[in-house]
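**Q** This is the structure, below, for whatever I ask next.
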Amino acid sequence: MTEPESDPYVEWIAHEARRPIVIDPAAVERVMAVIRAEPRPVRRGARWRWLFEPRPLSLSPFAGAAVAAGLIAIGALFALIRLDRGGLNSTGGSTTLAAVRPPLSDTVSVIKFVLVAPHAANVALVGDFNDWDAKATPMTRTPTGGTWSVAVQLRPGRHVYAFVVNGAYGTQWVADPSAPLAPEDGLGAPNSVVLVGGSAS
């Protein structure tokens, strides 16, 4: 087999492709100068980007208070609008409230009260949560001895209470020895304080 004759045009193209290219440095500099002189293209949305760029902001105390008051007013306005949409009815030109009472409390805690009174005939818990009624919350004696206890559901907040002990020495108003004392109520009776966690509303 003999090799086919090469096409002279193909040989010329191959020769030209192998020849090193020499570029005039002055020509490169002229092209780069023209490119630098061209205006930079503006991307869509770049004009508005400066609005969202973080910038340092310094305000006087008066201006800061004015801005805070404005933000609070805007928040209150939105709250009124939401309340108007969700709970107020406008009929006949007057606005009436339609059952949007907030709950008295969003949480209730069970608190156990304990008193050691081995000689008592009966013990009751009284406080601001049961209108100081000695018959409302009687305590139960534990089977093992003279300890009395009761569990009560209380709303979050501060509650003042005491124990009413009926025994051989008559009826006594007794503060809880394991709790802080409440300020003097003016009647001379000792009271204790319990703080119940949660959000008091």
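**Q** Mind listing the Cα extents of region 109-196 along all three principal axes, in Å, largest one first?
**A** Its Cα atoms span 32, 29, 23 Å along the three principal axes.
**Q** At 7 Å along the Cα-to-beta-carbon direction for both W173 and R141, put a label point, then send me their distance in nm to one decimal.
**A** Placing both labels 7 Å along Cα→Cβ, they lie 2.5 nm apart.
**Q** Something else: In which sequence would S192, S109 go, from the one with the fewest C-beta neighbours within 10 Å to the one with the most? Can you show the working numbers first?
**A** Numbers: S192 20, S109 14.
With the fewest neighbours first, S192, S109 line up as S109, S192.
**Q** While we're here: Testing the spin-label approximation: label points 7 Å from Cα along Cα→Cβ at I21 and R36. State their distance in nm.
**A** 2.3 nm
**Q** Exposure proxy check: M32, M139 ranked by fewest other beta carbons within 10 Å? The partial results should precede the final answer.
**A** Values: M32 10, M139 22.
Listed from fewest to most nearby Cβ atoms, that is M32, M139.
**Q** Further question on the same structure: Test of understanding: ordering W12, W148, W173 by Cβ neighbours within 10 Å, fewest first, what list do you get?
**A** Values: W12 10, W148 23, W173 15.
Ascending Cβ contact count within 10 Å gives the list W12, W173, W148.
**Q** At R0 = 41 Å, how high is the FRET efficiency between V110 and A76 if r is their beta carbon distance? Nearest 0.05 is fine. Write out the running numbers ahead of the final one.
**A** Numbers: r = 37 Å, r/R0 = 0.89.
After rounding to 0.05, the efficiency reads 0.65.
All of the numbers you see were taken from the coordinates with simple rules; none came from a lab. Treat the numbers as computed from the prediction; the structure is a model and nothing was measured. So basically every Cβ, Gly included, is an ideal-geometry build from the backbone, and we count neighbours across all protein chains shown.
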